Each structure stands twice: as C-alpha cells, then as structure tokens.
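Values in this text are rule-based calculations from the coordinates and carry no lab data. These figures come from a predicted structure and were not determined experimentally. Reconstructed Cβ throughout: ideal geometry from the backbone, glycine too, with neighbour counts over all protein chains shown.
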Amino acid sequence: MASPNTEEAFTSSDEWVRVSPKLVTARRIVLGISMLPIIAVVVVLFILPIPAFIPVIAALAGLVFFIWAWWLIGRRVRSYAYCERDDDLLVSSGILFRRLVIVPYGRMQLVDVTAGPIDRALGVTTVQLHTAAATTDASIPGLEPTIAADLRDRLAHRGETRSAGL
Amino acid sequence: MNDSPPPEPTSTIGDDLGLGLSAPGSALFDAHGHRKVHPISPLVHAVAVFPAMGGVAIAFSASGGAAVASRLSSLPGLEALSALSPILAAIAVIAVLAALFSLIVAAYQYVAWRALSFWFDDDGDFRMQSGVLFRQQRRVQLSRIQAVDVTQPLAARVFSMAVLVIEVAGQDDSRVRLKYLTLADAREIRREVLARAAGLAADTAEAPQDIVTKVPTGRLAFSLLLRLSTAGLLLLTAVIILASYLTEGWAGIGFALVTGGVPLIVVISEYIRFHGFTVAQSPDGLRLHYGLLRTESRTVPPGRVQAIEYVEPLLWRRFGWTRVLVTIAGVGADSSGGNQRQQGNTVLIPVAGIDQAHDLVARVLPDLDTSSLTWVAAPKRTWKRSPIQWRNLAVGWDEAAFATRRGRVTKRLAALPHARTQSVRWTQGPWERALRLATLHIDTTPGPVAVSGLHLDGDQVLEIAYHQADAVREGRSRDRSIHWGQQ
C-alpha cells in the first residue's frame, strides 16, 4: 500500500471486512441500561423541592447526551474493520480517536473469543488478540460466532506456523 | 584465562558487618539425598522481616494489643527506662513486640526449611520441593533457563548469606528463588546450573568474566545531583533558607524540609542502589553488579533484550553523559519483586559517556547502530500540538532497527531491532486529526522503554507503519540471537 491517503486506507480496499450491525443494537441496549441511573437522578431532582429549572436542565442535558451517544455508537461500529493480509492482521477502529493496529501472525500468543450477556443474546462476539506486549490493543467486537470461530482458527494456525520465539 | 570470581562490592560494609557471624558453609542433605538450604535460613528470614514486623507491632499496640503493650512496659528493665524517657520506652516496647513477631515468623520458616530441598534430577533439570501446607515441586528445564544470579539482600549479608535467583523463560516468565545459601555455596550452585544448562559436564569451571566498565562513585553521585528536578529543588531549598534567615521569618522552614528532603532521599536511595555499578562481559551475557547495602548481580542474556533507551537530562549533556534503560523480556512482569527492584533491574548503566553507552548497547543488541539511521522529523505544524519538544520529535530506521526521538529538557532516544516488534499501532486523536498529525507506537514487552513516534505527519506515519510491518517480517526471518543457548 504505497502512500495511502489517511482516509482511504480505512475504507478503500476490498479486503477490509466490516463487523456485524448487530453490534450497534447491542451497544445501544447497553447505553439504554446505563441511562437508568441518570433517569433515576433526574426523577429524584424533580421530586425535591428545588427550583424547577434545575431538573429541567438536567433532563435536557441527559436527553442531549443520550441522542449524541446513540448516533455515535452507529458511526463508531461502522468504523470497525479488519483485514487479513499474508503475514499480519490489520485492525482499525475509532472516530474521534482513530487507531490502526498491525499484528504480525508470528507474534500472536493468544486469541480469545468472548461475549458478554447482551452480546450473546444478539449473536455477536469479540475476538481479542494477545501478544507479548501489554499495549497491543487488537480486539474486534461484533463478529458473529461462526465467523469469529473461523477467524480464531485461522489466526491460531498462522500464528503457530510463523512463530519464532520471543 | 581469567578465573577470578565476580567483582566484590567495594563498600566497607563487609560480609561480616563486624559481628563475627560468618556462618560456615554447609552441604546438608536430607533423607532422599536432596540438598537443603542453610540451617540459619529461618533466622535470616526473621531478621529480614523485622522492619516490617516493626510496622505490624505499631499497628498492633495502637489498636487491639494496647493491653499487651502496657503489660510489657511494666517489665522491670523497661520501667526503669520509661522513668528516664517515655519515648525510648515506647520504642523498646515496639522493638520487643517486633522481635516476638519475628520469632513467630522464624518458627514458621523453620518448618518451611524442613520442607525445602533441591536437587538435579536424572535429566539434569533443576528441581525444588517446598511448601508446608501445600507441597509444591518445581521443575526448571535447563533449556528454559535465561539467567542465574546471586544477590545479597541486607539481612542475608549480615550473615554472609545470599539468594540464588534463576530466571526462567516461557509463557509466564518467572523467577525461582532459593533462600538462603552461603555466598560460596550460591556461586557454586550457580556455576553448576549454568554448566548443565550449556550442556557441559557438571563440574565445569565458571565462565570467565572481563570487566567492561565501572561507574566511578564520584560520577554517580554528581550525576544524581545534577538532574534538573533535583538541582532545582535543592536550589529552592537554599533560597527558602536564605529568605527565612534574612527576613527572620522561620515559619517557612517547614517547606525547606520538604523541598530539600525529597530530592535528597531520592538521590541517596538511588546512590545506594547503584553504588559500585560494574559491567562485565561473560559468555552468558552482560553481567551487572551493583549495590551498597543490598548487592545485586544481574545477567543480561543476549536474545532477551527487547529495546533500549538513551536518556539524556539537560544538565548531563555538558558532560556527555547518558543513562541507558533496557526492556528485558520477563523483567518488570515479576509479581514478587518490589517496585524499586524492578526499576533497578531495568537500568543497563546509570550514567556513562556516550561512547561507552553505545559500546554497551552494541554488546546486547549487536545490529543496533543509532548513528546510521534515516530520520524523519515532525513537520513544523507540530509545534501547535507539542510546543516544547516538537523540534526533537522524529522516527528513524535502517534495515536492522527502528528508533524514535522525543523530549526537549530530557532527551530520549528509544530503539529496538525489527524482530522485537510485537505490534505496530497508528493512533490519531482529534487534536492531531485537526493538524493532520498522527502517532506511531511500536509495541514491545512490558518495560521502561516506549518506542513511540509522537505527532508526526499523518500520511507519512501510516506509510512508515506498513513499512515497519514488512520490516518485522523480514527481521524475524533473519534474527538468530534468540537461540543463543542452543548452539
């Protein structure tokens, strides 16, 4: 990839695989659940004998945050992508804080497939790669279980055949 | 052929501390013919744990054990003492309590001593059996031994004892510690383990060492004082004292204690840690020997060094001095070592001239030559993101290694061979995005060295990232230093 433009590198090549849109639903459900304490606080503020504009402003702020987070989740999930090349794996993510991680197959020590309860209910899993470095941050959320299992097997196989010690 | 033993520490605190407690060497065997550590070990454990027990004693007498403490202070000797000075009496009570707790520890350690034994099994692997309640047998495969060292914590040094430390490679790098053996025994066992690990006969003589360099004491002390934060704080202390004297307002003197005391404590503790720093070359790798109270011996095996960093504080540049930090696979991930020990373990040399530093780095990472790299510097617009250090931000590479530069007051140059790259990370925060900049991180094993190219031109950095991924592939196929032990 000679001199790729920053924008194009993340979107142009056919080999980039996007993650499942079910992840959007999963994350939005989590957002909804995490809004519950905020709603509780706002309700309490309404009940308390304080000037009315305080709870109203709090409610409006909460609503604005919710709408922004809802929209952001959609955009962020669309930015997750991975690409299996011959000797390494590319993982890209992020809207505000963008990130591209290149992990050579020979460096992969562990490949995990995990799923929380909501992810499991919606049928998405997260594939997480571990190298000897603690700072390697290569995880691909939102993959369907069969795709994730295949990817994990392929990565593990390539990791073994290419591994060359530390 | 140089047969002399590793260089002795040059401090005047000798192995005996004048107490005449040099314990005779012992080769004790138990019923199975396995070897035991020295019988004095429980006592050494008790002494080692005594300061911590002092803290426990204070907590004990402050809370639940106040009754016990007061009863102790009514003992005849202590009553007389408390008549003289209540503070001394209180300290004496604490000391007695701490001694009692230490004795309890010693009793437990005696039982542990009876359960501890070690031997070489039929395959030649090192085995260690331990554990009072939960019996545990460890097997250290010879092929996985990275380094064997002999260290002397202060308590052990009082009794002329030492600790044998075997560093083991693997998925979870770990250390096997054998406490306590006489210094001579520890060296003897180290020699045998290394001989067996190299596939030689068990009674092969110890590998010769050539001393490469020794950090002069004066230079160490001066360099520690010469760091900007230290020098600045000491200057501030002087100013405060002067101002207090001139204005006769002594209220601010408390500040002087803090601003003067903190840097002094830091300087003194680092001085004690790195005193007599000696670097020697042996076939096992580079051997480092340092310490004033607690002496440590570390081996830096070739093939385990992941990355190095040259650190040049502002005030050192006049003298051309630099400090070399090193990330060694498996070090810094040791959960049983204290933080201080980890820090000490990651310094290749605390202060050295630049040429000397380059020479040392060449001994552990032969292909790394930081003078022949192609450098790519940060563009001018980086000053908006990083106004202080932007002039020094750059990444560089050649066919063998990758390096990054950063810092203005304290300049840092971090480098690693391509083969040691674990992963390559390109990141871009919103501020960087607005300026079309990005940061490149080369991930390596946990340690003090971070190879990061900060705030460079975004597109260039992406290209360099892909380029580095290719270099990693080629570097790995050419790398031969990993198999140093398997010749």
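For the segment A:127-138, counting C-beta atoms of other chains within 10 Å of every residue's C-beta and taking the mean gives 6. Comparing Cα centroids, the stretch B:453-469 and the stretch B:244-301 end up 39 angstrom apart.
When only the Cβ of Lys, Arg, Asp and Glu is charged (+1, +1, -1, -1), the dipole of the protein assembly as shown relative to its Cα centre reaches about 1540 debye. Each of the peptides B:245-252, B:204-211 was scored by the mean count of other Cβ atoms within 10 Å over its residues; in descending order, highest first, they stand as B:204-211, B:245-252.
Taking the three principal axes of the alpha carbon atoms in the protein assembly as shown, the coordinate ranges are 80, 76, 59 Å, sorted in descending order. Given in Å, the Rg to one decimal and the Dmax to the nearest whole number for the Cα atoms of the stretch A:104-155 are 11.3, 34. With no solvent and one point per C-alpha, what does the Debye sum give as log10 I(q)/I(0) for the stretch B:181-336 at q = 0.13, 0.15, 0.17, 0.19 Å⁻¹? Taken in order of the listed q values, log10 I(q)/I(0) reads -0.80, -0.97, -1.13, -1.29. Under the combined filter of DSSP loop state and at most 11 neighbouring Cβ atoms within 10 Å, the stretch B:126-221 retains these trypsin sites (Lys or Arg not before Pro): B:Arg135. Quick note on the stretch B:114-232: its Rg to Rh ratio, both from C-alpha atoms and Rh being the Kirkwood radius, is 1.10. Per-residue mean of foreign Cβ neighbours for A:80-89 is 2 (Cβ atoms of other chains, 10 Å radius). Taking other residues whose beta carbon is less than 10 angstrom from the beta carbon of B:Trp113, and scoring Lys, Arg as +1 and Asp, Glu as -1, yields +3. Take B:226-235, A:62-71, A:21-30 and order them by the average number of nearby Cβ atoms within 10 Å per residue, most first; the result is A:21-30, B:226-235, A:62-71. Within the stretch A:66-89, find all residues whose amide N lies under 18 Å from a label point positioned 7 Å from the Cα of A:Ile39 along Cα-to-beta-carbon. Once the point is set 7 Å along Cα→Cβ of A:Ile39, A:66-71 turn out to lie under 18 Å by backbone N, inside the stretch A:66-89.
Averaged over peptide B:453-466, how many Cβ atoms belonging to another chain are found within 10 Å of each residue's Cβ? Average per residue, whole number: 3. When the helices of the protein assembly as shown are scored as -39500 (n - 2.57) per DSSP H run of n ≥ 4 and the total is divided over every residue, the value at 222 nm lands at -13500 deg cm²/dmol. Annotation for the stretch A:75-166: chymotrypsin sites (Phe, Trp or Tyr not before Pro) lying in DSSP loop with at most 13 further Cβ atoms inside 10 Å of their Cβ are A:Phe97.
Two decimals is fine: what is log10 I(q)/I(0) at q = 0.07, 0.10, 0.11, 0.12 Å⁻¹ for chain B, from a Debye sum with one equal scatterer on every Cα and no solvent? Summing over Cα pairs of chain B leads to -0.50, -0.94, -1.08, -1.20.
Taken over chain A, the alpha-carbon convex hull comes to 138 cubic angstrom per residue. Compactness ratio for the stretch B:207-259: Cα radius of gyration over 2.2 N^0.38 Å (N = residue count) comes to 1.88. Computed from the C-beta positions of B:Asp210 and B:Trp250 and an R0 of 56 Å, the FRET efficiency is 0.50 to the nearest 0.05. So which chymotrypsin sites (Phe, Trp or Tyr not before Pro) in the stretch B:95-162 are both in a DSSP loop and have at most 13 other Cβ atoms within 10 Å of their Cβ? In loop regions of the stretch B:95-162 (DSSP not H, G, I, E or B), the sparsely surrounded chymotrypsin sites (Phe, Trp or Tyr not before Pro) are B:Phe134.
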